[in-house]
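To start, the structure under review is shown below, and the notes come after it.
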Amino acid sequence: YITIEIVIMLYIKKDISPVSLFGVWRMDESQDELTAMLDNRAWIDDILSIKSDTRRLEKLSVRVLLKELAGEEKQLRYYETGRPYLDDGSYSISVSHTRNYVAVIIAKDFPVGIDIEQISDKVKRVRSRYISENEYIDPENELMHLLLHWSAKETVYKYLDIPGIELKEEAVVQPFVPQRHGVLNVSETRNNRIIKMEYLVDDDFVLTYTLETSYL
């Protein structure tokens with residue numbers, strides 16, 4: 001008999017509050033290793049039929065990370081809009097992925113949003129599509145600031161789940177100076193609210209996720 005040692009690549013796990021937490025998973029495992037971490041094969045048959053190797057690993061990693069966060073395996077489904085939900089309704093959930101990493105946030109009784117973005121200068125080329133004239137970009141930290149703006153707006157999009165929302169003008173990031181870790185606020189004008197987020201800057205990615213929301 002051959003014993004296979006599975007190295008679990010839970011990169012980050014953090015309690016945000018007594019009823020919410022998030023995690024980041026680094027995708028170092030093979031398909032067989034990820035599948036071995038899950039018990040209910042019927043819940044992943046659709047994933048195993050996906051042709052793209054990368055997409056299969058992403059989706060399996062999300063299921064494994066969700067199990068780690070919730071403490072048990074959950075059936076994850078998606079609405080037609082692409083928004084994820086749990087079959088048993090035990091948590092609200094948001095999911096994101098970038099090269100080599102997936103991120104999941106779960107919470108009881110309130111909606112959440114999360115986004116993870118690989119560090120790349122492509123955001124500079126599309127800056128005009130998502131940065132409004134009312135937003136401040138630190139010239140000394142331009143790339144990181146642009147990435148955090150992009151990620152924050154993607155988090156808002158997932159949190160709101162409103163088709164057709166114009167993120168450039170309807171989700172405005174309030175001025176802040178980027179650090180390795182901090183808090184930022186987004187003015188969401190569709191419902192006249194402030195969405196508070198925490199952010200992390202890693203060597204490979206930036207991450208943003210919702211904390212709380214207040215009305216203006």
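Side notes on the structure shown:
- Spherically averaged projected area of the stretch 26-80 from its Cα convex hull (nm²): 4.0 nm²
- Annotation for the stretch 1-83: trypsin sites (Lys or Arg not before Pro) lying in DSSP loop with at most 11 further Cβ atoms inside 10 Å of their Cβ are LYS51.
- Rounded to the nearest 20 debye, dipole of the stretch 35-147 from Cβ charges on Lys, Arg, Asp, Glu: 460 debye
- The accessible surface of the chain, taken with every protein chain in place and a 1.4 Å probe, is 46 percent carbon and sulfur.
- Debye intensity ratio I(q)/I(0), log10, the chain, q values 0.10, 0.11, 0.12, 0.17 Å⁻¹ (C-alpha model): -0.45, -0.54, -0.64, -1.21
- Top positive-direction residue, dipole computed over the stretch 81-216 with Cβ charges, set ILE165, TYR199, VAL177: ILE165
- For the stretch 56-137, a Kirkwood hydrodynamic radius built from all Cα pairs, placed in the Stokes-Einstein relation at 25 °C and 0.890 mPa s, yields a translational diffusion coefficient of 168 µm²/s.
- Magnitude of the charge dipole for the stretch 137-205, about its Cα centre and with charges confined to Cβ atoms of Lys, Arg (+1) and Asp, Glu (-1), is about 340 debye.
- To the nearest ten degrees, helix 142-160 and the longest principal axis of the Cα atoms of the chain are 70 degrees apart.
- The stretch 90-135: equivalent-ellipsoid semi-axes (sqrt of 5 x gyration tensor eigenvalues, Cα, Å): 27, 16, 5
- Taken about its Cα centre, the chain carries a charge dipole of about 380 debye when Lys and Arg each add +1 at the Cβ and Asp and Glu each add -1 at the Cβ.
- Dipole of the chain, positive direction: furthest Cα of VAL126, LEU48, LEU86, with charges on the beta-carbon: VAL126
- What the stretch 48-106 shows is 48 Å² of accessible area per residue, with the surface traced by a 1.4 Å probe over protein heavy atoms.
- Per-residue ellipticity at 222 nm computed for the chain from its helices equals -7500 deg cm²/dmol, with DSSP H segments shorter than 4 residues left out and the rest contributing -39,500 (n - 2.57).
- With Cα atoms, 0 to 90° folded angle of helix 53-70 axis to the chain main axis: 90 degrees
The values are calculated or read from the model by the stated rules, or taken from the named source; none is laboratory data. Not measured: the values here are computed from a predicted model. Methodologically, a virtual Cβ is constructed for each residue, glycine included, from the backbone with ideal geometry; neighbour enumeration extends over all protein chains shown. Accessible surface areas use protein heavy atoms only, side chains included; no ligands, DNA or RNA. Shrake-Rupley method; radii C 1.70, N 1.55, O 1.52, S 1.80 Å.
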